[in-house]
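Student: I am attaching a structure below and will ask some questions about it afterwards.
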Amino acid sequence: MEIGMVGLGRMGANMARRLARGGVQVTAFDVSPVARASLDNEHGVAPATDLEALVSALSAPRVVWLMLPAGAPTQGTLDALIPLLQRGDIVVDGANAYYKDSMQRAKQLSAHGIHFADAGVSGGIWGLQNGYAIMLGAPAEAAQHVIPFVKILAPAADHGWVHCGPAGSGHFVKMIHNGIEYGMMQAFAEGLSLMHAKREFELDLAQITETWRHGSVVRSWLLDLIADFLEKDSALQHIQPVVADSGEGRWTALEAVELGIPAPVMSLALMMRFASQGQHDYAGKLLAMMRNSFGGHAVERAP
């Protein structure tokens, strides 16, 4: 088995390692020489200096797996790969891409006789050790070439992965997965914040979350991670309350609007991330001035 891996960030590099340790010959490329060098000592991984070298190192039908940022980096790489690949080759986009873009890319590659598969990948920095949950979207002909690699990347060959349907479906399911993730994270954050504010009880949040890990309805891997970092530092005094958002949360909220399906938890979780980034600051200033204008209420002035 052999595969080309393009994009060697935290996810891509560890996926290359897991594949190689599973017996796959991996040819790996990244525009960064530093990223390529990070796999120099990994048995079964051969670095490529450019896309042409990567494609030349693979036997037909080739499988090239992309782990690149959504948008221009992915599209530009696809455009560069098309003249290098042959009919029957397969390109897998395993990064977080908008599912409608993936559907269009499948059409673009199909016009050249090249198969396209989209793979939603979850597992983060723990995937190398624990395996990745993979949501695959691809026509049957392409899926049969990709699934053997998916089984190695997954926690086990018989679970932790699913062929969702045609091209686009994998990224759609991963988009919803991440929307659910936003909601779960927000619920934990709000509940723990309420307990943190109840000073009279002197609640030990590290002990409580550790207790919830055993037998509780809310037990989860996310709770495992929370309990772990609260045990080390429950005050979080040196952590700024700024939470980034990625495209999946926005895409999920937009999809809810397009389908007319109420998704208040996921949508409001996204809004809370905007607020943490300072996007609510001007609205807060307006509210303060409104109260001052109609009721003479005091306004706190910036230093």
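The values are calculated or read from the model by the stated rules, or taken from the named source; none is laboratory data. What you see is a predicted model; the values in this text were computed from it and never measured. We place every Cβ from the backbone using ideal geometry, glycine too, and count neighbours over all the protein chains shown. Note: areas computed on protein heavy atoms with side chains; ligands, DNA, RNA excluded. Shrake-Rupley method; radii C 1.70, N 1.55, O 1.52, S 1.80 Å.
Student: State the percentage of accessible surface on the chain attributable to carbon and sulfur atoms; use a 1.4 Å probe and exclude ligands, DNA and RNA.
Tutor: Heavy-atom surface of the chain belonging to carbon and sulfur, 1.4 Å probe: 59 percent.
Student: Now for a different question. Would you give the gap between the C-alpha center of region 159-223 and the C-alpha center of region 28-69, rounded to a whole Å?
Tutor: 35 Å
Student: Would you work out which of GLN104, ILE134, GLY123 lies farthest towards the positive end of the dipole of region 37-195? Charges go on Cβ: Lys and Arg +1, Asp and Glu -1.
Tutor: Working it through, the farthest residue towards the positive pole turns out to be GLN104.
Student: Now for a separate question. Using modelled amide H (1.01 Å from N, peptide plane; none on Pro or chain starts), what sits under 5 Å from the amide H of MET5, excluding residues fewer than 5 places away?
Tutor: THR27, ALA28, PHE29, TRP65
Student: How much accessible area does TRP251 have with a 1.4 Å probe, in Å² rounded to the nearest 10?
Tutor: Here the residue's solvent-accessible area equals roughly 50 Å².
Student: Local charge sum around ILE176 (other residues, Cβ-Cβ under 11 Å, Lys/Arg +1, Asp/Glu -1)?
Tutor: Taking every other residue near ILE176 into account, the sum is -2.
Student: If amide H atoms are built 1.01 Å from N in the plane of the peptide, which residues on other chains or at least 5 residues away come under 5 Å of the amide H of PHE116?
Tutor: Counting only residues 5 or more places away or on other chains, the set is VAL91.
Student: How would region 1-96 be classified by its alpha-carbon gyration tensor: rounded, prolate or oblate, with rounded meaning a/c under 1.5 and the a/b versus b/c comparison settling the rest?
Tutor: The shape class here is oblate.
Student: If exposed means no more than 12 neighbouring beta carbons inside 10 Å and the site is in a DSSP loop, what's the longest run of the chain without any exposed GluC sites (Glu not before Pro)?
Tutor: 1-201
Student: Next up: Write down the percent of antiparallel bridges among all DSSP beta bridges whose residues are both part of the chain, to the nearest 5.
Tutor: Percent antiparallel among DSSP bridges in the chain is about 20.
Student: Now, a different point. Which of the following values of volume of the Cα convex hull per residue in Å³ was calculated from the structure shown: (1) 135; (2) 162; (3) 192?
Tutor: Only one option fits the structure, namely (3).
Student: Which sequence of ILE176, ILE90, ILE239 reflects their accessible areas, 1.4 Å probe, from the largest down?
Tutor: Greatest to least solvent exposure: ILE239, ILE176, ILE90.
Student: Before I look further, what does region 47-179 give for accessible area per residue, probe 1.4 Å, in whole square angstrom?
Tutor: 40 Å²
Student: Also, I was wondering about something else. Excluding residues fewer than 8 places away in the same chain, name every one of the aspartates and glutamates whose C-alpha is closer than 15 Å to that of LYS198.
Tutor: Once the sequence-local aspartates and glutamates are set aside, what remains near LYS198 is GLU190.
Student: Could I ask something else about it? Once the Cβ-Cβ distance between ASP281 and VAL34 is put in as r, and R0 is 30 Å, what FRET efficiency do you end up with, to the nearest 0.05?
Tutor: My answer for the efficiency is 0.20.
Student: What does the charge count around TRP251 come to, taking other residues whose C-beta lies under 12 Å from its C-beta (Lys +1, Arg +1, Asp -1, Glu -1)?
Tutor: -2
Student: Using only Cα atoms, find the angle between the long axis of helix 264-274 and the longest principal axis of the chain, and express it within 0 to 90 degrees, rounded to the nearest 10.
Tutor: The answer is roughly 80 degrees.
Student: Which lysines have a Cα lying under 29 Å from the Cα of LYS107, excluding residues fewer than 8 positions away in the same chain?
Tutor: Partners found: LYS151, LYS174.
Student: Any idea what angle helix 169-197 forms with the longest principal axis of the chain, computed on alpha-carbon atoms, 0 to 90 degrees, nearest 10?
Tutor: Helix 169-197 sits roughly 30 degrees off the main axis of the chain.
Student: Which of the trypsin sites (Lys or Arg not before Pro) found in region 21-94 are loop residues per DSSP with 11 or fewer other Cβ atoms within 10 Å of their Cβ?
Tutor: ARG87
Student: Something else about it: Cα axis of helix 99-110 to longest principal axis of the chain: angle in degrees, 0 to 90, nearest 10?
Tutor: Once rounded, one gets 10 degrees.
Student: Quick one: putting +1 on the C-beta of Lys and Arg, -1 on the C-beta of Asp and Glu, what dipole do you get for region 159-303 around its Cα centre, in Debye to the nearest 20?
Tutor: So the magnitude is around 380 debye.
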